[in-house]
1. Using 7 Å Cα-to-Cβ label points, what is the HIS197/GLU155 separation (nm, one decimal)?
2. If you take every residue apart from ASP100 with its C-beta less than 15 Å away from the C-beta of ASP100, what net charge results, scoring Lys and Arg +1 and Asp and Glu -1?
3. Quick one: VAL104, VAL92, VAL212, fewest Cβ neighbours within 10 Å first, how do they rank?
4. Take ASN164 and PHE90, extend 7 Å from each Cα along the Cα→Cβ direction, and tell me the distance between the two endpoints in nm.
5. Between rounded, prolate and oblate, where does segment 65-224 land on the alpha carbon gyration tensor, with a ≥ b ≥ c its root eigenvalues, rounded for a/c under 1.5, else prolate if a/b exceeds b/c?
6. Please arrange ASP100, ASP29, ASP154 by counting, for each residue, the other beta carbons lying within 10 Å of its beta carbon, fewest first.
7. With a Förster radius of 22 Å, plug the Cβ-Cβ distance of ASP98 and VAL42 into 1/(1 + (r/R0)^6) and report the FRET value to the nearest 0.05.
8. Tell me the trypsin sites (Lys or Arg not before Pro) within segment 22-122 that lie in a loop according to DSSP and have at most 11 other beta-carbon atoms within 10 Å.
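Just so it is clear, none of the values below were taken in a lab; they were calculated from the coordinates. This is a predicted model, so every value here is computed, not measured. Here the Cβ is made from the backbone with ideal geometry for all residues, glycine too, and neighbour counts use every protein chain on show.
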Amino acid sequence: MVRGWALAVLLALTWPLDATAENQAYIEDEAYIEDGKDIYVVCAPCHGPEGQGGGGGDYPRLAGMPYEYLKSQLRAFKARERINIPMFPFTVERELTDQDILDVSAYITEMELQTRLADMGEHVDGYVRLLAAKKVLQIPRAPGDVEAGKALYDEACARCHGANGEGRLPHDPPLAGQHTKYLKKQFTDMLGDERLHPRPGKLIEPLSADDVQNLLAYFSILDD
Ligand code: HEC
Ligand code: HEC
């Protein structure tokens, strides 16, 4: 049997890309993961079969994100509080009921994503290696001043988004292991008042273009 503390250490090491036991504790009893798996079939062409995101970073990685956050965003898309044209047809009531939201959020939060390619030895052929590589999320280093990004992040963002960008349960999303292009668009949307963020006047509006670039550079190394 795995001792509780050993499991906790293991889970702590694999967060943010794997759901932690604490996160799983938020999943309601009424959420059916098996049904969520069926629903996710329509999401996979954009968000990737492993929840790793895609479209060169247009489609965010979803795997392992906090359950409460996933639910809140899907409800916000549905209520048109968060406007996004590609998501529109998939979040109308006919396609995604509130029960579906619980189910698919539970499935996604439990998806596990690797950030490092396992050592497969020398005798594995190129095709198998390629298939394995597609399941691994690696964020390329974004341009910008990583040190300056870290300093700004530690001061203004870490208390909610986590010391290493891992997010904070139950609701604050991780910023580590997320695609740069997607995050960049979120900054544009938040600065243009098109996306909500807590206390925007204090946290978001003061960010200069350089600040955003430096933050993106810092986020891009957090999954290494
Ligand atoms: C046609 C492509 C497409 C499909 C299919 C799609 N999405 Fe998305 N999704 C997007 C895009 C693009 C965004 C980013 C929106 C933005 O820039 O604000 C997004 C964002 C999201 C987010 C917010 C992530 C975050 O970090 O805030 C969630 C959650 C999500 N999608 C879940 C789903 C689920 C669940 C399904 C299936 C029921 C689905 N999506 C189907 C394109 C798609
Ligand atoms: C008080 C807590 C708090 C602080 C401090 C905070 N955030 Fe957030 N952040 C949130 C929450 C909550 C959301 C989700 C908002 C929503 O519901 O759409 C979020 C969302 C985001 C997103 C979008 C993530 C996604 O997956 O779409 C980005 C990017 C972001 N924050 C950047 C920052 C940066 C940069 C700072 C520091 C300058 C910061 N935040 C400080 C709570 C916080």
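1. Placing both labels 7 Å along Cα→Cβ, they lie 1.6 nm apart.
2. -4
3. VAL92, VAL212, VAL104
4. Spacing of the two 7 Å Cα→Cβ label points: 2.9 nm.
5. Taking the square roots of the gyration eigenvalues as a ≥ b ≥ c, segment 65-224 is oblate.
6. Ranking ASP100, ASP29, ASP154 by Cβ neighbours within 10 Å, fewest first, gives ASP29, ASP154, ASP100.
7. After rounding, the FRET efficiency stands at 0.85.
8. ARG80, ARG94, ARG116
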